[in-house]
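Here is the structure we will look at, set down as structure tokens.
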Amino acid sequence: QVQLVESGGGMVQAGGSLRLSCAASGSIFSINAMGWYRQAPGKQRELVATIQSVGSTNYADSVKGRFTISRDNAKNTVYLQMNRLKPADTAIYSCHTTLRPTAWGRPYDSWGQGTQVIVSS
């Protein structure tokens, strides 16, 4: 069983910054992709950013140039540095990983519980 524990959410004024963290623990042999998704009130969940084990990244157009995703493979942790935040960034941010629990186990997806980010104008 794997747990994803997120931290770093909160309330900030427009133009400010926040840094989210997500640490994976439990039965983990390897982690492939790690990423962040968000869901605003009344909207569908959308991808924010992903990072592969080799470091390649992918961003939603709406956050390019403002958000930076990174990971520490030794700590099974992914980070999301969010700068120049806008009210439109207000959402619940959830961490996601695709991991393999054992060398012979099949990979599966795991989600964190979500952390609230509120950006006031």
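The values are calculated or read from the model by the stated rules, or taken from the named source; none is laboratory data. Keep in mind that what you see is a predicted model, and the values were worked out from it rather than measured. Backbone-built Cβ (ideal geometry, glycine too); neighbour counts: all protein chains shown. We work out accessible area using only protein heavy atoms, side chains counted, and drop any ligands, DNA or RNA first. Shrake-Rupley method; radii C 1.70, N 1.55, O 1.52, S 1.80 Å.
Which aspartates and glutamates does LYS43 reach when only Cα atoms under 15 Å apart count, and residues fewer than 8 places away in its own chain are ignored?
ASP89
Pull out the extension gain between SER17 and VAL2, defined as 0.36 nm times the separation in residues minus the alpha carbon to alpha carbon distance; nm, one decimal.
Taking SER17 through VAL2 to full extension adds about 2.5 nm, to one decimal.
According to a simple spin-label model (label point 7 Å from Cα along Cα-to-Cβ), what is the distance in nm between ARG100 and ALA88?
Reported label-point gap for ALA88 and ARG100 is 4.0 nm.
Taking the alpha-carbon set of the chain, what are its Rg and Dmax in Å?
Just the Cα atoms of the chain yield Rg and Dmax of 14.2, 50 Å.
Subtracting the Cα-Cα distance from 0.36 nm times the residue separation, let me have the gained length for ARG66 to GLN44 in nm, one decimal.
Values: separation 22, 0.36 × 22 = 7.92 nm, distance 2.15 nm.
Stretched out fully, the ARG66 to GLN44 stretch lengthens by 5.8 nm.
Counting only protein heavy atoms and using a 1.4 Å probe, what share of the accessible area of the chain belongs to carbon plus sulfur, as a whole percent?
Details: 3170 of 6540 Å².
That fraction is 48 percent.
Any idea of the accessible area per residue across the chain, 1.4 Å probe, to the nearest Å²?
Per residue, the chain has an accessible area of 54 Å².
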